[in-house]
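> The structure that follows is given in the form of structure tokens.
The values are calculated or read from the model by the stated rules, or taken from the named source; none is laboratory data. Keep in mind it's a predicted model, so treat the numbers as computed, not measured. Virtual Cβ from ideal backbone geometry, glycine too; neighbours counted across all protein chains shown. Heavy atoms of the whole protein, side chains included, go into the accessibility calculation; ligands, DNA and RNA do not. Shrake-Rupley method; radii C 1.70, N 1.55, O 1.52, S 1.80 Å.
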Amino acid sequence: MCSCVRSSRALSPVLLPRLLPQPGFRVTERGLWTSPQCLAVNGSSSQLPPVPSQARVVICGGGIVGTSVAYHLAKLGWTDVVLLEQGRLGAGTTRLCAGIVSMAKPISIECQMASYSASLYQRLEKETGVKTGYVKTGSLCLAQNQDRLISLKRLASRLKVLGINCSIIKPKEAAKLQPLVNIHDLVGALHLPSDAVVSSPDVNHALAVAAAGHGVQILEQTTVQQVVVEKGHVKAVETDRGSIECDYFVNCAGQWAYELGQASEVKVSVPLHGCEHFYLLTKPLQEPVSPDMPVVIDMDGRIYARPWQGGILSGGLEKNPKPIFTEGRNQLEIQNMQEDWDHFEPILSALLRRMPSLDSAEIHQLVNCPESFTPDMRCLMGETPGVSGYYVLAGMNSSGLTFAGGAGKYLAEWMTYGYPTANVWLLDIKRFGNLQSSRTFLRHRVMEVMPLLYELKVPRWDFQTGRQLRTSPLYDRLDTQGARWMEKHGFERPKYFIPPGKDLLSLDQSKTFYKPDWFDIVGAEVKCCKEAVCVIDMSSFTKFELTSTGDQALELLQHLCANDPDVPVGHIVHTGMLNERGGYENDCSVVRLSKNCFFIISPTDQQVHCWSWIKKHMPNDPHLHLENVSWKYTALNLIGPRAMDVLAELSYVSMTPDHFPSMFCKEMSVGYANGIRVMSMTHTGEPGFMLYIPIEYALHVYNELMSVGQKYGIRNAGYYALRSLRIEKFFAFWGQDLDAFTTPLECGREFRVKFDKDTNFLGREALLQQRQEGVFRRFVMLVLEDHDTELDLWPWWGEPIYRNGQLAGTTTSSAYSYTLERHVCLGFVSPPPDEEGLPKPITPDFINRGDYELDIAGQRYPAKAKLYPFSSLFAQQKRRKEDMELTNLQAEEQK
């Protein structure tokens, strides 16, 4: 065993000089920060200021997340704010945070939050006079293999779009920047010069000082017991020292956010769970480490390391994490928990392989502190769906310091303006529902999530835990036929179907940034959709029914929908539900089943968000009723030119366009089953029908479709085929291409806006203004040219788009088009600003006359951009080419 471990055994645990919080602080009744002597050691004191009887906002949690929210609310002019901490300020996870601020994050919104946090912490010392320990060290993300290097190159391309300085460097360059690093097994690294280290307790202190200076009251030794809710809105907060009436409550309770949500009068789901997190502190090395030496992040080795008082602080994310606190709250403040050298040994071994010179280092302490993790590795932010005025910011996945500044800013904007200034849907707590609040689910999922943070994640990877939670009645039937599954909002959905005789194991383990092993399988499914008929189980779609006794349902939809839902019974309207800025809060299909009954179909991950949005705008009328019927219906998508033949044979009804026009719905019998809602749409642009089947009939209808469809070449298909079909037809999907900042005018959907109707729907004024001033970005289709599908890296999404050598936008989704035989990407482009730095309206000429390139992991490929689908043009060219080849062949035969 290495000497550093031997020395650690000989040392008794000692406290950490710069990772400990400052001693307890409090705020006087005037909101001024005072000395800690007012607090007794045992946490009780007669000198504690009284709890105010009322406030506008109450924040629970005195860690760096809670103080950031308080600071940013104060900056936006909120003065009647109270922050409550059950123990001492910053005595939770903030106290033992490793202090690294890195912008190397997997999604753009997290990179933006990290970038803002770094700039905030840098200027806090000047603003408050409180030293924060900020040192711009830079960081090195190491790559031990080519796949990791590709991942880092893709990340570098995205960071550059955000204006974050970074570069891919060779191993020898990395060694010059960080001489302690062993580079013998490295193939490259990502260098981020602006990454930094800070003292998180001091940053927390600075934020609290600044917030208090703007009038925020901070009360320690005050425990929140529950949140009182009246008529669906926050009414008051009950503490162990009295009740505070308030309009808003912010749950920043970190480890205890889940328990606090469950303890409230109306239970609030905050899906997170704690795990132990270990890191090591060494004493100063013989040649002390410079405080500005770069942070090292070796994800393949599962470790990180930073300079610390002349020595090294190093931890990691092990493969076998230890969940904690499953039974609930069991300690008031976070202490350094029990050492576990056996558990830490793999991380220590990886550290010594990466930094061999540490073998002789003397260990100061092994720290074990809790971190909270969420089911999808992204933090929880925003207003909860069940209680108006109840906000959450928690679940930082071991990046609380990195995200706290930016996340606090966005949440404060959300509370102030009704929305943040960036698209935070990927972090919105409404992406989860109650189904993710099971403690067993959370315990099992975070055991996967914690190591996944450092795992190499190739496109289309899937979680393995918490699966088969929500399934279609056809799940077992499809599984035996070779379905391979992915999960969305807890629902199992088929990706593709492995034909008999294929190597199942190799396909299941296929992970690549290049051409995937399922390429030919999906191609065969797409071909069948275009030439014969396929069935796709789309039961995961969100399905609501809105009914009323009078015109209330129609009036509500007229207010919410950009398109006109007042259509004849049986007709379908595709429409967006917009916010006041004209952005998409939902993209849905509305079916008028009867005069006062509407069937609303939305994307799978819209179940909580869409429900919340509609409920928010519903009048309190007992004659108006909204019901979630997602579980009542199995949805089968019957796609292809022979779909009408299959349905006609099963229903004895003509399904031709003359008898069953597009965007039409009719209740029919299919086989022996009655009451099947058959709709002439497929969400792909291909001919076919959606069948919404009461679940008790699902297996019968499916079996009948497959039996009758045999003569027409029917087969199963999955979502990968659906994705290819919809992208080549230029169909935008909410959550991928559309969001709360995208308007119909920006994505070519002006024809779905009822400008000609005298109806004041949400977003109308914003759209009218945009139509007058011009659109500053447009949704485009790009087809890659001079790109080898077999050998080149594939585009997946998020790739920068360049026009005439200048950055013009990014892709939002992409797929291989088996029709065009090349890659198709969808995304937004914008013209450069004018001489004064103001945005310029975009024109069709700007799009059509530019030379476009797509940046895939640092390499640019030429592309053609259009405002309409390429498919029809290329199909005509392909047919002409085939006709010419046939003519030439016949001519040769005649010779």
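> Working only within region 683-702, note down all residues that are touching a helix residue (DSSP H, G or I) at 6+ places or on another chain (Cβ under 9 Å), open to solvent by 10 Å² or more (accessible area, probe 1.4 Å) and part of a helix (DSSP H, G or I).
Ile695, Leu699
> State which residue is surrounded by the fewest Cβ atoms within 10 Å (Cβ to Cβ) when the search covers only region 68-96 and only residues that are in a loop (DSSP other than H, G, I, E, B) and touching a strand residue (DSSP E or B) at 6+ places or on another chain (Cβ under 8 Å).
Asp80
> Hey, another quick one. Any residue in region 130-147 that is closer than 20 Å to Ser102 by Cα sitting within a Cβ distance under 8 Å of a residue that is open to solvent by 50 Å² or more (accessible area, probe 1.4 Å) and of a type in the set (S, T, N, Q)? List the pairs, counting only those 6 or more apart or interchain.
Tyr134/Gln122; Lys136/Gln122
> Quick one: what pairs do we get from region 583-602, first residue over 12 Å from Trp734 (Cα atoms), second among the charged types (D, E, K, R) and open to solvent by 10 Å² or more (accessible area, probe 1.4 Å), C-beta under 6 Å, 6+ apart or different chains?
If the second residue must be among the charged types (D, E, K, R) and open to solvent by 10 Å² or more (accessible area, probe 1.4 Å), the pairs left are Phe598/Arg592; Phe599/Glu545.
> I would also like to ask the following. So which residues in region 703-734 are part of a strand (DSSP E or B) and closer than 23 Å to Val591 by Cα, if there are any at all?
Trp734
> Out of everything in region 595-623 that is polar (S, T, N, Q) and part of a helix (DSSP H, G or I), what residue ends up being nearest to Arg493 (Cα to Cα)?
Thr604
> Filter region 266-288 down to the residues that are open to solvent by less than 10 Å² (accessible area, probe 1.4 Å) and within 30 Å of Pro171 (Cα to Cα), then identify the one that is farthest from the chain's Cα centre (by Cα).
Thr282
> For region 488-508, state whether one or more residues are of a type in the set (Asp, Glu) and buried (at least 16 other Cβ atoms within 10 Å of the Cβ).
Yes, region 488-508 has at least one match.
For (1) within 21 Å of Asp476 (Cα to Cα); (2) under 37 Å from the mean Cα position of the chain (by Cα), each residue gets a yes or a no:
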site	(1), (2)
Thr656	no, no
Phe660	no, no
Lys666	no, yes
Ser669	no, no
Met679	no, yes
Glu686	no, yes
Leu691	yes, yes
Ala698	yes, yes
Met706	yes, yes
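> Could you list all residues from region 596-629 that are under 25 Å from the mean Cα position of the chain (by Cα) and of a type in the set (A, V, I, L, M, F, W, C)?
Selection gives Ile600, Ile601, Val608, Cys610, Trp611, Trp613, Ile614.
> Give the residues of region 734-776 that are basic (Lys, Arg) and open to solvent by 20 Å² or more (accessible area, probe 1.4 Å), sorted by residue number.
Hits for region 734-776 are Arg749, Arg752, Lys757, Arg764, Arg771.
> Residues of region 97-114 being open to solvent by less than 40 Å² (accessible area, probe 1.4 Å) and part of a helix (DSSP H, G or I), which ones?
Ile109, Glu110, Cys111, Met113, Ala114
> Do any strands (runs of 3 or more DSSP E) lying entirely in region 166-274 carry at least 1 residues that are within 23 Å of Val51 (Cα to Cα), and which ones are they?
Where strands (runs of 3 or more DSSP E) fall fully within region 166-274 and carry at least 1 residues being within 23 Å of Val51 (Cα to Cα), they are 217-219, 224-230, 233-239, 242-245, 248-251.
> Does Arg467 satisfy the condition of being out of contact with any Ser or Thr (no Cβ under 9 Å at 6 or more places or on another chain) and at positive phi?
Answer is no for this residue.
> Tally up the residues in region 725-774 that are under 22 Å from the mean Cα position of the chain (by Cα) and not β-branched (Val, Ile, Thr), please.
Total meeting the criteria: 13.
> Could we say that Pro839 is touching a residue at least 60 places away in the same chain (Cβ under 8 Å), open to solvent by 10 Å² or more (accessible area, probe 1.4 Å) and either within 23 Å of the chain's Cα centre (by Cα) or more than 15 Å from Ser157 (Cβ to Cβ) (or both) here?
Taking the combined requirement at face value, the residue satisfies it.
> Then there is this: Across region 242-265, which residue is farthest from Tyr390 (Cα to Cα) among those that are under 26 Å from the mean Cα position of the chain (by Cα) and surrounded by fewer than 20 Cβ atoms within 10 Å (Cβ to Cβ)?
Glu259
> Can you list residue pairs whose Cβ atoms sit under 6 Å apart, with the first residue in region 456-468 being closer than 25 Å to Ile297 by Cβ and the second being modelled with pLDDT under 90 and open to solvent by 60 Å² or more (accessible area, probe 1.4 Å)? Count only pairs 6 or more apart in sequence or on different chains.
What qualifies is Val458/Lys511.
> Here is a follow-up. Out of everything in region 744-769 that is of a type in the set (Phe, Trp, Tyr) and in contact (Cβ under 8 Å) with a residue 12 or more places away in the chain, what residue ends up being farthest from Glu580 (Cα to Cα)?
Within region 744-769, the match that is farthest from Glu580 (Cα to Cα) is Phe755.
> If you don't mind, another one. Out of (1) open to solvent by 50 Å² or more (accessible area, probe 1.4 Å); (2) within 11 Å of Pro271 (Cα to Cα), what's the single condition that is false for Ser437?
The single condition Ser437 does not satisfy is (1).
> Sort out which residues of region 218-232 are of a type outside the set (Asp, Glu), open to solvent by less than 70 Å² (accessible area, probe 1.4 Å) and in contact with an Asp or Glu (Cβ under 8 Å, 6 or more places away or on another chain), and write them in order of number.
Within region 218-232, Ile218, Leu219, Gln221, Thr222, Thr223, Val224, Gln226, Val227, Val228, Val229 qualify.
> On to the next question. Scan region 512-557 for residues that are over 25 Å from Leu478 (Cβ atoms) and among the charged types (D, E, K, R) and jot them down.
Passing the criteria: Lys515, Glu545, Asp551, Glu555.
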